Amino acid sequence: MSEVSIMKRKEKCENCTKQCNKKRSDDDDVSSHQERDQVNGQEPERSRLLLSACLSCDGCMSEEESLKISQQNLEEVERVFALNKKCDVTKHKVLVASVCPQSLPFFAVKFDLDIAEAANKLCGFLKSLGVQFVFDTTLAAGFSIIESQKEFIQRYRRRHHDSHALPMFTSSCPGWIRYSERILGSLVTPHICTARSPQQIMGCLVKDYFSKQRKLNADKVYHIVVAPCFDKKLEAVREEFYNSLLESRDVDCVLTSGEIYHLMQQKKVSMEELDSVPLDHVLGESGDVPLVRHEGRGSEGFLEHVFKHAAKELFGLDVYKVTYKALRNRDFQEVTLERDGETLLQFAAVYGFKNIQTLVHRMRKGRVPYQLVEVLSCPGGCLSGRGQAEIESVGRVDKNLVQQMEEVYSSLSVSLPEVNPTLQTLYQDWLQGQESQQAGKLLHTQYKSQSPIPLRPPHMQW
């Protein structure tokens, strides 16, 4: 689907209904629909409880945000393509696409190709449409991981005199961030890592570094991100990621893997006839870009990277393999570092809305023993993003597809961002060093409590 779908009113989460001043009218509205269905002899449809359903209720979405997100679709991208074909060069834009590594397994499974060939076919397709450069966002994720590692060490060392230092929550999931800012507020926001997500660091890399290398103004570059998750559209329209002087967003449009796949179907693309084109290098070198992944279970692996780094930096211990212990379920797991019977570090991975609710409940009670929690709103992590893993006809995740994607993703070799020479080059050439003011400005942001917006936009599901 290339457009945001207008959906029925969603059931709201416990936290939202406690605070929502429209709860009674909402409940009455739902009840009237159910009664009408019963009169007509139909079984009342139970609305699915998704994190995105909570986030897109009246209290969280303004009309302005709704409009901005609705413009992130294939029609808008095709409009830019059409302008480039016209003679007025003043309206031409350089189109750049950045592909999230969690999207590539989706195309590999759909095309029945290995992941490297699927990436090249996807690149060939995007360039056949008019995209000039196609990048992989793994490099940006490396920046985010390194900055998260540094921030965790700083927080750990000030934990005794800063009550907000720990636990530190990861910040790469826009659904989780939205929920924290609009619903949980000061209980959680001071604990969120300030490192920007891979998507938004990639936006800075394209609009700041890449555009300057090409001697282009940022507003002359149209940046598309291919992502597994609809919530990434929410992130792209955040106010802090818009440069008012340049009139340019770091990310102009997010398209999900499913939206790109639908476009391929519309255009009746044949894999055999499609050119296989290697991805581009941000630094402009020639040759294939080796596809790699970061450690983790189908996401960017923040927990594992920070855990190993902290074990070495704080305690001088080398951890070669991180062992997860499942607690409530597969999506609520913890890892522990011990020495001589003493627990030194205790981290947790918490995925999915139900587990997030459990985490929040424990935090309210002061019963969170973890120093770091990797939080993702999608059960199963980023590979299960509803922009690629959901069966549209039934509205649920295709577990078989997710399993296949996990197998494909795990076939990639693991890369440590700390030893990536391209990252080190960019830290110096682009950011003037790891501890520079420029690095702090472009690689970090701030999260804060936000009051719900008392407007009534359409009820949407991303």
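The values are calculated or read from the model by the stated rules, or taken from the named source; none is laboratory data. Since the structure is predicted, the reported quantities are computational estimates derived from the model, not experimental observations. Counting neighbours? That spans all protein chains shown, and the Cβs are built from the backbone with ideal geometry, glycine included. Accessible surface areas use protein heavy atoms only, side chains included; no ligands, DNA or RNA. Shrake-Rupley method; radii C 1.70, N 1.55, O 1.52, S 1.80 Å.
Any residue at all in segment 122-129 that's within 30 Å of Phe347 (Cβ to Cβ), of a type in the set (Gly, Ala, Ser), open to solvent by less than 30 Å² (accessible area, probe 1.4 Å) and in contact (Cβ under 8 Å) with a residue 24 or more places away in the chain? Don't jump to the end; show me each part of the working.
Going through segment 122-129, the residues within 30 Å of Phe347 (Cβ to Cβ) turn out to be none.
Scanning segment 122-129 turns up no residue that is within 30 Å of Phe347 (Cβ to Cβ), of a type in the set (Gly, Ala, Ser), open to solvent by less than 30 Å² (accessible area, probe 1.4 Å) and in contact (Cβ under 8 Å) with a residue 24 or more places away in the chain.
The residues of segment 134-159 that are in contact with a Pro (Cβ under 8 Å, 6 or more places away or on another chain), assigned to a helix (DSSP H, G or I) and either surrounded by fewer than 21 Cβ atoms within 10 Å (Cβ to Cβ) or not small (Gly, Ala, Ser) (or both), listed by number, are Thr138, Phe143, Ile145, Ile146. When segment 83-116 is filtered for residues that are crowded, with 17+ Cβ neighbours inside 10 Å and outside any helix (DSSP H, G or I), the ones remaining, listed by number, are Lys93, Val94, Leu95, Val96, Ala97, Ser98, Val99, Cys100, Pro101, Gln102, Ser103, Leu113.
Give the residues of segment 160-172 that are out of contact with any Phe, Trp or Tyr (no Cβ under 9 Å at 6 or more places or on another chain) and either free of Cβ contacts under 8 Å to residues at least 12 places away in the same chain or surrounded by 24 or more Cβ atoms within 10 Å (Cβ to Cβ) (or both), sorted by residue number. Break it down stepwise before answering.
From segment 160-172, those out of contact with any Phe, Trp or Tyr (no Cβ under 9 Å at 6 or more places or on another chain) are 160-164; that's our starting set.
Once the filter is applied, which keeps residues that are out of contact with any Phe, Trp or Tyr (no Cβ under 9 Å at 6 or more places or on another chain) and either free of Cβ contacts under 8 Å to residues at least 12 places away in the same chain or surrounded by 24 or more Cβ atoms within 10 Å (Cβ to Cβ) (or both), segment 160-172 yields His160, His161, Asp162, Ser163.
Residue check: Val131 meets all listed conditions (1) touching a Lys or Arg at 6+ places or on another chain (Cβ under 8 Å); (2) outside any helix (DSSP H, G or I) but one, namely (1).
The set of residues in segment 367-384 that are without any contact (Cβ under 8 Å) to a residue 40 or more places away in the chain and either out of contact with any strand residue (DSSP E or B) (no Cβ under 7 Å at 6 or more places or on another chain) or charged (D, E, K, R) (or both) contains only Arg367. In segment 260-270, is there at least one residue being at pLDDT 85 or above, under 18 Å from Leu74 (Cα atoms) and of a type in the set (Phe, Trp, Tyr)? Taking every residue of segment 260-270 in turn, at least one turns out to be at pLDDT 85 or above, under 18 Å from Leu74 (Cα atoms) and of a type in the set (Phe, Trp, Tyr). When you look at Val134, is it at pLDDT below 95 and in contact with a strand residue (DSSP E or B) (Cβ under 9 Å, 6 or more places away or on another chain), yes or no? Criteria not met by Val134. Quick check, is Gln199 in contact (Cβ under 8 Å) with a residue 12 or more places away in the chain, within 23 Å of Phe143 (Cβ to Cβ), polar (S, T, N, Q) and open to solvent by 50 Å² or more (accessible area, probe 1.4 Å)? No.
In segment 289-298, the count of residues that are within 21 Å of Leu401 (Cβ to Cβ), open to solvent by 40 Å² or more (accessible area, probe 1.4 Å) and among the basic types (Lys, Arg) is one or more.
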